[in-house]
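Novice: One structure is given below, represented as structure tokens, and several questions about it will come after.
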Amino acid sequence: MIFRRFIQWCWIFVFRPQRAEFYRDLADMFRRNESMMGFFEGEIANAVRTRQRARAAALRMMLARFQGGHQAGRVGHLFEGVMPASDMMMIVGVDHADDKARALLSLADAVEAQGTMRTTVLSYAFFPLVMLPLSYVLIQILADVILSIDRSAPDCVKDELWSGSNGWARQMAILMDQFGLPMVTLLVGFLAAAFVSLPRWRGRARLWVEGWPVYGLYRDFQSGLLFSALAMLLSNGSTLKGALEDIAQGSSSWMRWHLTRVLRSLDDNPTNTIEAFSRGVLSPYMLARAATLQRTSATFAEVLIELGTRESERVLKGVRRAAVIANVAIVGVLLSVCTFMGLSTLTVPGRFSALMEPSTLMSLKQAHEAKNASRRSSSISTTRLDESKP
């Protein structure tokens, strides 16, 4: 039984990226007034014929729910357990819509827009994840080169060798040699804690960090998903408050907190919608765009539909901009350290070779011996002075 459920879950996981196409097929069923039973049986046969095993498994699950008889006419009931939770909050609008074919087409468009945003975020997140271990290995290799030169250098040349930026490189190499792994572990732990906190952390302190690279990217990504969901619900007859309440029910803790603040502001002042949405859920860029659209729109619902449909490219552009900033912030630090250490492995050997020239080495030895003699003389004088004191 457990194995069967696991296999079923695997097929659903494979099917979900294709669900926009299924929504369009279902919309066509409503448009042609085909029976639900005939649609499922026919599509299962087609999926088997074309060897789409994931689609066939998902359709069988929905057919079993339909044949169960309980709430068989409700689209949301058929999709439970098959479609992701992010879709279920929009599928509520399909059940409430008079024109289900149009609502399903809007849902398919929203799912594709959200998929594009997710792909954008994941593609930009991939580079830092790859760069972190590679940068650590590279910095450790460069640090070993610098420390090997430090171990082979005579004491008389070390003061000259490690002056200026070379000294900073040596200190960084020592730091990486002694604490490199704990530092990387701490960084990974910090990033993991940040990612865990993204959908959960709420409160006034969260508002202070919403402009930070990782948190700003998450906010812009979630606001893009919010626009597409609102556009789908509002274009199919939902009220603004009703749509916000439906979305809040299936959202993360962070989004639910923001939408609650928006709803509370709308209760206090129903006409000032821009003020309600300016409480942190939107970036300043998207908030400015919403204010621009509102000047020529009859209602704010029209603004949200515009942002979630025709303005989707602008929303995606904002998500992409936030992703680039997050990339630069994370990767930039790693590349800066790697570049500095790499340049140091070029300057340190050259400086070391110059200092090891016989004439230069001889003068450095004499200066080093004279300095040591002066230190010994000063130490002896201090000792005698201390002994002469009563």
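The values are calculated or read from the model by the stated rules, or taken from the named source; none is laboratory data. On a predicted model such as this, the values are computed, not experimentally measured, just so you know. Positions of Cβ are backbone-derived with ideal geometry, glycine not excepted, and every protein chain shown enters the neighbour counts. What goes into the accessible areas is simple: the full protein's heavy atoms, side chains included, and nothing from ligands, DNA or RNA. Shrake-Rupley method; radii C 1.70, N 1.55, O 1.52, S 1.80 Å.
Novice: Counting Lys +1, Arg +1, Asp -1, Glu -1, what net charge surrounds Arg310 among other residues with beta carbon under 15 Å of its beta carbon?
Specialist: -3
Novice: In debye, nearest 20, what is the charge dipole magnitude of region 84-352 about its Cα centre with +1 on Lys and Arg Cβ and -1 on Asp and Glu Cβ, if you could check?
Specialist: 320 debye
Novice: With every protein chain left in place, what is the accessible area per residue of the chain in square angstrom, probe 1.4 Å?
Specialist: In whole numbers, the chain has 54 Å² accessible per residue.
Novice: What ³J(HN,Hα) values, in whole Hz, does the Karplus curve 6.51 cos²θ - 1.76 cosθ + 1.60 give for region 317-332 when θ = phi - 60°, with x put for Gly and Pro?
Specialist: Couplings: 4, x, 5, 5, 5, 5, 5, 5, 4, 4, 4, 4, 5, 7, 6, x Hz.
Novice: May I pose another question? Determine the sum of side-chain charges near Phe79: Lys and Arg each +1, Asp and Glu each -1, restricted to other residues whose C-beta is under 12 angstrom from that of Phe79.
Specialist: Spelling it out: positives minus negatives among the neighbours equals +1.
Novice: Could you tell me how many degrees, from 0 to 90 and to the nearest 10, lie between the Cα long axis of helix 19-31 and the main elongation axis, the longest principal axis, of the Cα atoms of the chain?
Specialist: Taking Cα atoms only, the helix is inclined about 10 degrees.
Novice: I would also like to ask the following. Probe radius 1.4 Å, ligands and nucleic acids ignored: give me the carbon and sulfur share of the accessible area of the chain as a rounded percent.
Specialist: 60 percent
Novice: Just checking my list (i) 22.0; (ii) 33.9; (iii) 23.5 against mean projected area of the Cα convex hull in nm² computed from this structure; which label fits?
Specialist: Working out mean projected area of the Cα convex hull in nm² from the coordinates points to (ii).
Novice: Follow-up. Expressed as a whole number of Å, what is the distance separating the alpha-carbon centroids of region 235-311 and region 1-77?
Specialist: 33 Å
Novice: Can you give the local net charge around Gly180? Use residues other than it whose beta-carbon is closer than 15 angstrom to its beta-carbon, Lys and Arg +1, Asp and Glu -1.
Specialist: Local net charge: -1.
Novice: Just from its helices, what would the mean residue ellipticity at 222 nm be for the chain, if runs of 4 or more DSSP H residues each count -39500 (n - 2.57) and the sum is divided by every residue, rounded to the nearest 500 deg cm²/dmol?
Specialist: -27500 deg cm²/dmol
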